[in-house]
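Reading through the structure tokens given below for one structure.
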Amino acid sequence: MIATPVNPKVFEPMGQLFVSLPHCAALGFQYLGADGRKPVLKVDWREELVGNPATGVVHGGIITSLVDTTSAVAVTAHLERVETIATLDLRIDYLKAATPGKAIYCRAECYRLASQVAFTRAVCYHDNPDDPIAHGVATFMRESSPLPMLQEPQA
Amino acid sequence: MSDFMEQFATLRDQKRFQDVVNAIPYARLMGVELGEDESGDLLFSLPFHERNVGNTVLPALHGGLIGGFLENAAMIHLIWNRESLDTPKIVDFSLDYLRSGRPKTLYARCEITKQGKRVAHVLIEAWQEDRSKPVAVARAHFLLATTS
């Protein structure tokens, strides 16, 4: 069974909000939707995202931003109302090099939402999430700021 | 060894710091600047740019961007301080966020904690106005003997 978002009125707008943030927009992140509570983001290969000009492989920093952003969206699938969250820590395992020219996808899930901290895991892949190029785990602090990232949607 | 690594070594020997950064497309996109501090160690800086924001309300730098900046710093620092012209390959990267990144210049310095035959361990620290108040600390493992 695929768990549905706790509140689609929080999850959907937050997915769109996160990819519209200036740095995500600069990198070209796209929100493709969700598999239950697992959001999927995509970034197309572009020359300016390359980290190794000898090979054309995308910079690891793109993977870091993609995992951070997708994981943050995954937390919002579990929230009843909009709240501001902040990454506490993040670890990325680079399982194999990304293929130059191919889009990279990231799918994340929040596997534990505690009262103050949310725990997430994510995979980055080209064609198949079972054949990942990177794996990321992160924790987020909840209610990191009293300033809302988004106005509460009207019921 | 690649043409890129040969070019890197040439730029390093001529101390053309900014040309090293500009050879890496994503570093150029972030707006990374490179120089030396008073003790001759590499000092990375990232002047504030609107495109690096991750929270427009606070505002704050994007956490992923801070990660990318530190990871890039670790890679350049490692290549800069090695004799070998093999490209190190990042294995894993772990990052702790201590404070939010304000809309100001972000700095980073690295330290090679260990360089073995196969693996190097690099510590990275980022701060803004006050070095004693780090924004983030990170560490990375790199494979040193690679074919690419």
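Under the rule that an exposed site lies in a DSSP loop and has at most 15 other Cβ atoms within 10 Å, name the longest stretch of chain A with no GluC sites (Glu not before Pro) of that kind, not counting the sites themselves.
That would be A:1-79.
Using Cα-Cα distances under 8 Å and only pairs 6 or more residues apart, what relative contact order does segment B:3-143 have, in percent?
Computed over segment B:3-143, the figure is 21 percent.
For chain B, which longest stretch is free of loop sites, where a loop site is one of the GluC sites (Glu not before Pro) that DSSP puts outside H, G, I, E and B and that has at most 16 other Cβ atoms within 10 Å?
Within chain B, the longest run free of exposed GluC sites (Glu not before Pro) spans B:84-128.
Give me the angle, in degrees from 0 to 90, between the Cα long axis of helix B:3-13 and the longest principal axis of the Cα atoms of chain B, rounded to the nearest 10.
On a 0 to 90 degree scale, this one is about 80.
How large is the translational diffusion coefficient of chain B in µm² per second when you combine the Kirkwood radius over alpha carbon pairs with Stokes-Einstein at 4 °C and 1.567 mPa s?
In µm²/s, the coefficient rounds to 83.
From the gyration tensor of the Cα coordinates in segment A:8-141, what semi-axes in whole Å does the equivalent ellipsoid have, largest first, with each one equal to sqrt(5λ)?
The three semi-axes for segment A:8-141 are 25, 15, 13 Å.
What percent do you get for the relative contact order of segment A:40-155 when only Cα pairs under 8 Å and 6+ apart count?
Worked out over segment A:40-155, it gives 31 percent.
What's the angle, to the nearest 10 degrees (0 to 90), between helix A:8-20's Cα axis and the longest principal axis of chain A?
So the inclination is approximately 40 degrees.
Number of Lys pairs in the protein assembly as shown with C-alpha atoms less than 16 angstrom apart, excluding same-chain neighbours closer than eight positions?
6
Taking the Cα centre of the protein assembly as shown as origin, work out the dipole magnitude from +1 charges on Lys and Arg Cβ and -1 charges on Asp and Glu Cβ, in debye rounded to 20.
Once rounded to the nearest 20, the dipole reads 420 debye.
Order of A:I92, B:I90, A:I2 from fewest to most other C-beta atoms within 10 Å?
Lowest count first: A:I2, B:I90, A:I92.
Any idea what the dipole of chain B comes to, in debye rounded to 20, about its Cα centre with Lys/Arg Cβ at +1 and Asp/Glu Cβ at -1?
The calculated dipole for chain B is roughly 320 debye.
Going by alpha carbons, how many degrees (0 to 90, nearest 10) lie between the helix axis of B:63-80 and the longest principal axis of chain B?
30 degrees
Given 5 Å bins starting at zero, what is the percent of C-alpha pairs of segment B:70-148 in each, up to the one with the largest pair distance?
Going out from 0 Å in 5 Å bins, segment B:70-148 shows 3, 16, 27, 22, 14, 9, 7, 3, 0 percent.
Computed from the coordinates by the stated procedures, all read-outs in this text should not be read as laboratory data. Remember, it's a predicted structure, so these values are computed and weren't measured experimentally. FYI the Cβ positions are ideal-geometry reconstructions off the backbone, even for glycines, and counts take in every protein chain you see.
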